[in-house]
Amino acid sequence: MGHRESVRFDLCSKGYIIILMLMHLIILAAASIHEYQDDSFIRRSNSFFFHGGSEGLYASKLDSDNGKSASEDKPLIGKSFIRFESIIFRRTKESAEKKNEMQQRTGLVEAIVLEVRDREKIGGSYLNSEAICCTAELSKDGSCKVGEVIIQQNPDNPDGPKRMQTFFEGKNEEANMDIQTIEINSTGMYYLYFMFCDPELVGTLISGRTVWRNPDGYLPGKMAPLMTFFGLMSLAYLVLGLFWFLRFLQYWKDIIQLHYHISAVIGLGMCEMALWYFEYANFNSTGTRPMGITIWAVTFSAVKKTVSRLLLLVVSMGYGVVRPTLGGITSKVLLLGVTYFVASEALELVEHLGNINDFSGKARLFLVLPVALLDACFILWIFSSLSKTLEKLQIRRSMAKLELYRRFTNSLAVSVLLSVAWIGYELYFNATDPLSELWRRAWVIPAFWTLLAYLLLVVICVLWAPSHNPTGYAYSEETGDDFEEEGISLTGSGVKVAGGDLATKLERKERKASSAAEHHVFGLGEDLEEDKRE
């Protein structure tokens, strides 16, 4: 509440500019080329504004070999800038008709670029006024001009808020903004607003685009480190895939069904990371998201998330270790998986395609909630299944399998604790950084979840790695596991066994299987089989 109170105080003492930023914090553009298509202006205080975009930008690199200034149409590599291209303002016909055709300036629209730390310089706060636009009373001391947005210039910081003015002429309904480029010489989070103060311009629309570029490419500053991260994760999945493939070939005769599911997750992870890397690389070089690559990356990401969660669930249920099939609950597992895929795909498409400015906070929340609820369902079902699996293994005294599942449970519990702690950090991060002033650290938030998923997969690969003797953790038909609580009846050899007799038979056969495995380890397996044949 203290933060909210301070924001209210700023509104009274510094004008409404903070509100403008907060309104658009969660709807940042998804491309460094911001497109405007007949968008309208919104009233705020005594001004009208349109949010043109906001991104983290690094300062231009000093390069004496550039040879050209940033004011040219195509600034060279190493420059950080915001370029205005084909910006057209269209006022209503009624507004144009009220003007004198002989007048050169019959309407003013201003483009204002400011760094977030300079927000106090916008509006009449230093004049003890809440106004954003200069009025006749405020202009008496010559500090501002009537009809213009109030900007307090700092002589010591010439790179402070910058304004570009575009005037309507005579009765013209359109005004074209000059093509111009603003070079960024100071690293920070920048906001762009198009504003006008004349009430007669109500109904004015804006179209065109602005191009935002960092020194090393078009990726927004908060996204740039992710390209390197996805490149490293691609190599990490490649190393894991190579390790798994070699083990797979070495023990291919002892492969169980679960190994194929793990292989699928590794393959999906490799494709996902590679696609995201190429998607970001293309984005960085062109300024817009490549539609085809992005759709594939989003789809692979949704499929991999779904399959990963299903893998954790079926492993927790004991599939391939305690039970040969999922039996009657297969349809429920598949239904949860399909539902999660649809919800995750929809959310990923909204986050990564087009322009997020097109989606309101409520629309985004509508897509986030189903994914969060389904994740909660997965977590509850996974730990519930783990509890039942551990209980079965304790009753049957399957020590090898029990130890395996204890390690898996501990790893999963650690990951859940880390997830809860990280969610708390995310909430703290967002609460203490409402205007994205810490944008250079924002990439760590999504990177953590990708890294955590990879580490969980590594744990599963280590615990369930192919080996010469998979019977230590693989399902054996002789054990005849009972799944009465899941409503599944098993017929091991076509004969139904009563509950008590089944438990006795299970213990006897498991001890027999364990004894056989021990003899095999000490080289006695062949002698035993010869004795049986004799």
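The values are calculated or read from the model by the stated rules, or taken from the named source; none is laboratory data. Keep in mind it's a predicted model, so treat the numbers as computed, not measured. Here the Cβ is made from the backbone with ideal geometry for all residues, glycine too, and neighbour counts use every protein chain on show. Side chains included, ligands, DNA and RNA excluded: accessible areas come from the protein's heavy atoms. Shrake-Rupley method; radii C 1.70, N 1.55, O 1.52, S 1.80 Å.
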TODO: Please find, within region 236-267, the residue that is modelled with the lowest pLDDT out of those that are closer than 19 Å to Val307 by Cα and touching a Pro at 6+ places or on another chain (Cβ under 8 Å).
DONE: Ile256
Open item on the list: What pairs come out if I take residues in region 427-456 that are closer than 17 Å to Tyr190 by Cα and pair them with residues that are of a type in the set (Val, Ile, Thr) whose C-beta lies under 6 Å away, six or more apart or interchain?
Closed with: Leu435/Val116; Glu437/Val116
Task: The lone exception for Thr409 - which of (1) at pLDDT 65 or above; (2) open to solvent by 40 Å² or more (accessible area, probe 1.4 Å) it fails - done: (2)
- [ ] Scan region 204-220 for residues that are open to solvent by 20 Å² or more (accessible area, probe 1.4 Å) and over 12 Å from Ile33 (Cβ atoms) and report the count.
- [x] 2
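Each row is one residue, and each column tells you yes or no for (1) surrounded by fewer than 19 Cβ atoms within 10 Å (Cβ to Cβ); (2) at pLDDT 80 or above; (3) of a type in the set (Ser, Thr, Tyr).
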{"site": "Asp358", "(1), (2), (3)": "yes, no, no"}
{"site": "Gly361", "(1), (2), (3)": "yes, no, no"}
{"site": "Arg364", "(1), (2), (3)": "yes, no, no"}
{"site": "Cys377", "(1), (2), (3)": "yes, yes, no"}
{"site": "Ser387", "(1), (2), (3)": "yes, yes, yes"}
{"site": "Ser398", "(1), (2), (3)": "no, no, yes"}
{"site": "Leu402", "(1), (2), (3)": "yes, yes, no"}
{"site": "Ser415", "(1), (2), (3)": "yes, yes, yes"}
- [ ] Quick one: Ser285 ticks every box in (1) of a type in the set (S, T, N, Q); (2) touching a Lys or Arg at 6+ places or on another chain (Cβ under 8 Å); (3) surrounded by fewer than 18 Cβ atoms within 10 Å (Cβ to Cβ) except a single one, so which number is it?
- [x] (2)
Task: Flag for Lys171 being of a type in the set (Lys, Arg) and touching a Lys or Arg at 6+ places or on another chain (Cβ under 9 Å) - done: yes
- [ ] Would you confirm whether any residue within region 158-181 is of a type in the set (S, T, N, Q), farther than 21 Å from Tyr36 by Cα, crowded, with 16+ Cβ neighbours inside 10 Å and at pLDDT below 95?
- [x] no
Open item on the list: Tell me the residue from Met223, Met273, Met233 that is out of contact with any Cys (no Cβ under 8 Å at 6 or more places or on another chain), modelled with pLDDT under 95 and surrounded by 18 or more Cβ atoms within 10 Å (Cβ to Cβ), please.
Closed with: Met223
